[in-house]
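What follows is calculated from the coordinates using simple rules that are stated; it is not laboratory data. Quick caveat: nothing in here was measured; it's all calculated off a predicted structure. Counting neighbours? That spans all protein chains shown, and the Cβs are built from the backbone with ideal geometry, glycine included.
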């Protein structure tokens, strides 16, 4: 069975000339089962799952300097800071989305146009100048997610928003998805640190 550090999505250019995300059938089934099973747990169980992912992300940036955090393995590839900006962006968006879904409505401006791959994949709104700023923002976004999870038992379960890859999810399931999203970026953070030319300090 796949492990969280083996779920990294790969990309291929399709017949339409556009880059599309790819995941093996085994890994996809693992993700869908994980989200379903974790969403069935009480809030403490969901919180424990997302806490594990958050802790692993922070361990991957332990000891990283600002010079290392801004370094890119190659043109067009993300630095550690850019990867962290994406992780934080998705977590912030998920908290806001889940709060609305849990109240039985969609956030303003959300609709089918945002359920497409090109609208979701790689979305990054945050921007960090230092690794300390990235860590602080990651912790703040995580704390907001945990606060939301505490309230999931009283939330609506019928209102849903579609993830382009993992399908339609309610507030509870989107919260669980964060464990998957953090896990998808474990190997990305690690691969930057292991890349040839990575600064010594």
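On a 0 to 90° scale, report how tilted helix 131-149 is relative to the longest principal axis of the chain, with both axes built from alpha carbons and the result rounded to the nearest 10.
10
What spacing in nm lies between the two simple spin-label points modelled at residue 168 and residue 19, each 7 Å away from Cα in the Cβ direction?
3.1
Return P(r) of region 108-175 (all Cα-Cα pairs; 10 Å bins starting at 0; whole %; ordered from short to long distances).
17, 36, 38, 9, 0
If all Cα-Cα distances of region 26-114 are sorted into 5 Å bins from 0 onward, what percent lands in each bin, rounded to whole numbers?
Using 5 Å bins, I get a P(r) of 2, 10, 13, 18, 19, 17, 12, 7, 2 for region 26-114.
Testing the spin-label approximation: label points 7 Å from Cα along Cα→Cβ at residue 190 and residue 159. State their distance in nm.
So the label points at residue 190 and residue 159 sit 3.9 nm apart.
Region 59-79 to region 118-193: how many Å between their Cα centroids?
The distance from the Cα centre of region 59-79 to that of region 118-193 comes to 20 Å.
Rounding to the nearest 10 and keeping the result within 0 to 90°, find how far the Cα-based axis of helix 171-194 lies from the longest principal axis of the chain.
Value to nearest ten degrees: 10.
Could you identify which residue out of 189, 125, 97 has the top mean-square fluctuation in a GNM of the chain using Cα springs shorter than 10 Å?
The residue that fluctuates most here is 125.
As I understand it, the value is the acute angle between the Cα axis of helix 80-102 and the longest principal axis of the Cα atoms of the chain; what does it come to in degrees, rounded to 10?
Approximately 10 degrees, to the nearest 10.
For every helix of n ≥ 4 consecutive DSSP H residues, a contribution of -39,500 (n - 2.57) applies; sum these over the chain, divide by its total residues, and give [θ] at 222 nm rounded to the nearest 500 deg cm²/dmol.
-17500 deg cm²/dmol
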